[in-house]
Amino acid sequence: MSERYESLKLWLREVLDTSDFELKPASADASFRSYLRLFLQDKTFIVMDAPPPQEDCEPFIRMTNKLLACDINVPAIHHMNLQQGFLLLDDFGNDLYLDKLDPSTVNKLYSDAIVALVQIQTLADVKEMAAYDEPLLRREMQLFTDWLLDKHLHIELDDAQNRSIETLFGLLVENALQQPQSFVHRDFHSRNLMLTETNNPGVIDYQDAVYGAISYDLVSLLKDCYIKWPRAEINNWVDFYINRLAEKGSKVDRQQFQRWFDLMGVQRHLKASGIFARLSHRDSKHDYLKDIPRTLSYIVELKNDYKELRPLCLLIEEFILPEFEEHA
């Protein structure tokens, strides 16, 4: 057993005042954090292991309190050790949205998620939250060029392509900043939503939340990198979201929102495809590569709707996707 694992068990014995518990792996995520399930008598808990200095638990604690204050179903924190990076949390079980979504369940599950999202956006305290500003938006999109094009595919853009990408990045930044701003989870999707018996969904992995564009989390949910639905259905859920928002006193123009939503999706999917490539090369998490074609397909589908996207769509269709088909 590693020294860190022994330290974790020692801490748990101290806070639980017993050694009569069992630990089993629960999950890992796309960072340095990992999770264990703790079995204690007839109860289970989740242990978050967030090793300093790679991870900081304080943002997770701060965002947990903000979300609990607006009655969002997030895991309560029972014990914490910030110096070592250990937290003992509620256990939402194993029922990820991703595993439960199918044509018979999706409307109910997405409706629940959208209701929760609107609740967050209209009630959450956004004081002292980091801004989803231009430098952060650009750093995220740069992951696409640095890790997917450069590192993974060895694609070198010519001057015209570089200018085109830079113009597009500017457009996407402007699109994000001109929208109403709210609490942004940043990964509000099927792998971070849990099916729960009460107050569905259980929401996890929100420690990187920021104050930013209102369309971002809806894009994460409806144009999910891990599961895909027909555009007609996505549009119906966007309608549901806008109607729900209006009921809470926040009205947005449907046509304007569609542009915000679509272009915000481009920003997110550029970022996500770069992250998936980075996870493969930096962290040896190669399974994420298979999600890149689906992620980029959302951008290609907009080619005929937004002429500004055509150079990027051409790059994806002619140079990027064929590489993945070749290695499928």
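The values are calculated or read from the model by the stated rules, or taken from the named source; none is laboratory data. Quick caveat, the model's predicted, so the values are computed rather than measured. For neighbour counting, all protein chains shown are included, and Cβ atoms are generated from backbone atoms with ideal geometry for every residue, glycine included.
Filtering the stretch 32-43 to residues that are surrounded by fewer than 17 Cβ atoms within 10 Å (Cβ to Cβ) and assigned to a strand (DSSP E or B) leaves 34, 39, 40, 43. Could you tell me whether the stretch 123-133 includes any residue that is more than 23 Å from residue 309 (Cβ to Cβ), at pLDDT 95 or above and of a type in the set (Val, Ile, Thr)? Yes: one or more hits.
I want to confirm something. Restricting to the stretch 106-126 and keeping residues that are of a type in the set (Gly, Ala, Ser) and over 27 Å from residue 37 (Cα atoms), which single residue is surrounded by the most Cβ atoms within 10 Å (Cβ to Cβ)? Checking each candidate, the answer is 124.
Just checking, does the stretch 128-138 include any residue being over 23 Å from residue 221 (Cβ atoms) and crowded, with 16+ Cβ neighbours inside 10 Å? No, because not a single residue in the stretch 128-138 is over 23 Å from residue 221 (Cβ atoms) and crowded, with 16+ Cβ neighbours inside 10 Å. Restricting the stretch 147-172 to residues that are in contact (Cβ under 8 Å) with a residue 60 or more places away in the chain, in a helix (DSSP H, G or I) and of a type in the set (A, V, I, L, M) leaves a set whose member that is nearest to residue 110 (Cα to Cα) is 172.
Of the candidates 52, 103, the single residue that is modelled with pLDDT of 95 or more, surrounded by fewer than 17 Cβ atoms within 10 Å (Cβ to Cβ) and over 20 Å from the mean Cα position of the chain (by Cα) is 103. So which residues in the stretch 196-209 are touching a Leu at 6+ places or on another chain (Cβ under 7 Å) and either closer than 30 Å to residue 134 by Cα or aliphatic (A, V, I, L, M) (or both)? Within the stretch 196-209, 203, 206 qualify. Among the candidates 144, 188, the residue that is crowded, with 22+ Cβ neighbours inside 10 Å and part of a helix (DSSP H, G or I) is uniquely 144. Filtering 115, 184 for residues that are out of contact with any strand residue (DSSP E or B) (no Cβ under 7 Å at 6 or more places or on another chain) and at pLDDT 95 or above leaves a single hit, 115.
Of all the criteria given as (1) within 15 Å of residue 193 (Cβ to Cβ); (2) outside the structural domain of residue 247 (by TED's automatic domain parsing), the one not satisfied by residue 106 is (2).
Is it fair to say residue 55 is part of a helix (DSSP H, G or I) and among the acidic types (Asp, Glu)? Spelling it out, it is not the case that residue 55 is part of a helix (DSSP H, G or I) and among the acidic types (Asp, Glu).
Going by the conditions given, is residue 319 touching a helix residue (DSSP H, G or I) at 6+ places or on another chain (Cβ under 7 Å) and either loosely packed, with under 15 Cβ neighbours inside 10 Å or in contact (Cβ under 8 Å) with a residue 12 or more places away in the chain (or both)? No: the conditions fail for residue 319. For the stretch 309-317, the criterion of being more than 15 Å from residue 148 (Cβ to Cβ), touching a Leu at 6+ places or on another chain (Cβ under 6 Å) and in the same structural domain as residue 158 (by TED's automatic domain parsing) is met by at least one residue. Restricting 129, 141 to those that are touching a residue at least 40 places away in the same chain (Cβ under 8 Å) and touching a Lys or Arg at 6+ places or on another chain (Cβ under 7 Å) reduces the list to 141.
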